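The values are calculated or read from the model by the stated rules, or taken from the named source; none is laboratory data. Every value quoted in this text rests on a predicted model; they were computed, and no experiment measured them. As a convention, Cβ positions derive from the backbone with ideal geometry for all residues, glycine included, and neighbour counts pool all protein chains shown.
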Amino acid sequence: MGQNQGPAERALLDRTWRGYDPRAGFPAVAAAAAASAALLYGRWALPDLLDFAERAGALAVYAMVLAVWLGLLGMLLYRSVTYTYRLTDRAILTDRGSFNRPEPPVWLAELAGVEVVAGWLGRQLHVGRVVLREAGGREVLLTGVRNPTDFADAIRDAAAKLKSAAP
């Protein structure tokens, strides 16, 4: 029964996997550090804020800083654990965990373009985004990819092999 399977019925063969690299969160961590420093400095530098802190409780400012860090670290941990980008012989499968809607696969046969987007800091940290464009106009953004140029090249190679093997 399994001998006469066509290409659409066979299993997808993995080529490589990528996920969200924690280094991609560095800009958010830097912004949170700056906000934390400003809040903590303001606690002592501004007398009005000091009076407010004494009335409302000395820990009010610290609670705000703690909440920022807990939210940020939770987001980075969630993305690092759940975001996966799986390149197979016929498609790119994207999974962003249970808090996001399922993403339909990007079929390599329908892939019209692959672009790497990374700012100056992203290039220094070797992380960035890979933008996949389908022939139908759909765009899929893969965020926080480590070595995005290498991953984009692997996607282009897999698409070229698939398209050259098609009858």
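So that you can scan it fast, the table gives a plain yes or no per residue for (1) in contact (Cβ under 8 Å) with a residue 40 or more places away in the chain; (2) among the basic types (Lys, Arg); (3) over 30 Å from Ala35 (Cα atoms):
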| residue | (1), (2), (3) |
| --- | --- |
| Met64 | no, no, no |
| Ala67 | no, no, no |
| Thr94 | yes, no, yes |
| Glu115 | no, no, yes |
| Val127 | yes, no, no |
| Leu142 | yes, no, no |
| Phe151 | yes, no, yes |
| Ala165 | no, no, yes |
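Taken together, Leu73, Leu93 contain a single residue that is at pLDDT 90 or above, of a type in the set (A, V, I, L, M, F, W, C) and outside the structural domain of Phe151 (by TED's automatic domain parsing), which is Leu73. Contact map, segment 8-31: residues that are under 15 Å from Gly74 (Cα atoms) paired with residues that are assigned to a loop (DSSP other than H, G, I, E, B), Cβ distance under 7 Å, separation 6+ or inter-chain. Pairs shown: Tyr20/Tyr83.
Yes/no matrix, rows are residues, columns are (1) in the same structural domain as Asn100 (by TED's automatic domain parsing); (2) touching a helix residue (DSSP H, G or I) at 6+ places or on another chain (Cβ under 6 Å); (3) surrounded by fewer than 17 Cβ atoms within 10 Å (Cβ to Cβ); (4) at pLDDT below 95:
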site: Leu121; (1), (2), (3), (4): yes, no, yes, yes
site: His126; (1), (2), (3), (4): yes, no, yes, yes
site: Leu132; (1), (2), (3), (4): yes, no, no, no
site: Ala135; (1), (2), (3), (4): yes, yes, yes, yes
site: Arg138; (1), (2), (3), (4): yes, no, yes, yes
site: Gly144; (1), (2), (3), (4): yes, yes, no, yes
site: Asn147; (1), (2), (3), (4): yes, no, yes, yes
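Of the strands (runs of 3 or more DSSP E) contained entirely in segment 70-167, those carrying at least 2 residues that are of a type in the set (S, T, N, Q) fall at 84-88. Condition first: out of contact with any Ser or Thr (no Cβ under 9 Å at 6 or more places or on another chain), surrounded by 11 or more Cβ atoms within 10 Å (Cβ to Cβ), at pLDDT 80 or above and not small (Gly, Ala, Ser). Can you find one or more residues in segment 27-50 that meet it? Yes, there is a match, as at least one residue in segment 27-50 is out of contact with any Ser or Thr (no Cβ under 9 Å at 6 or more places or on another chain), surrounded by 11 or more Cβ atoms within 10 Å (Cβ to Cβ), at pLDDT 80 or above and not small (Gly, Ala, Ser). Please work out if Val61 is in the same structural domain as Tyr41 (by TED's automatic domain parsing) and either at pLDDT 95 or above or among the hydrophobic types (A, V, I, L, M, F, W, C) (or both). Yes.
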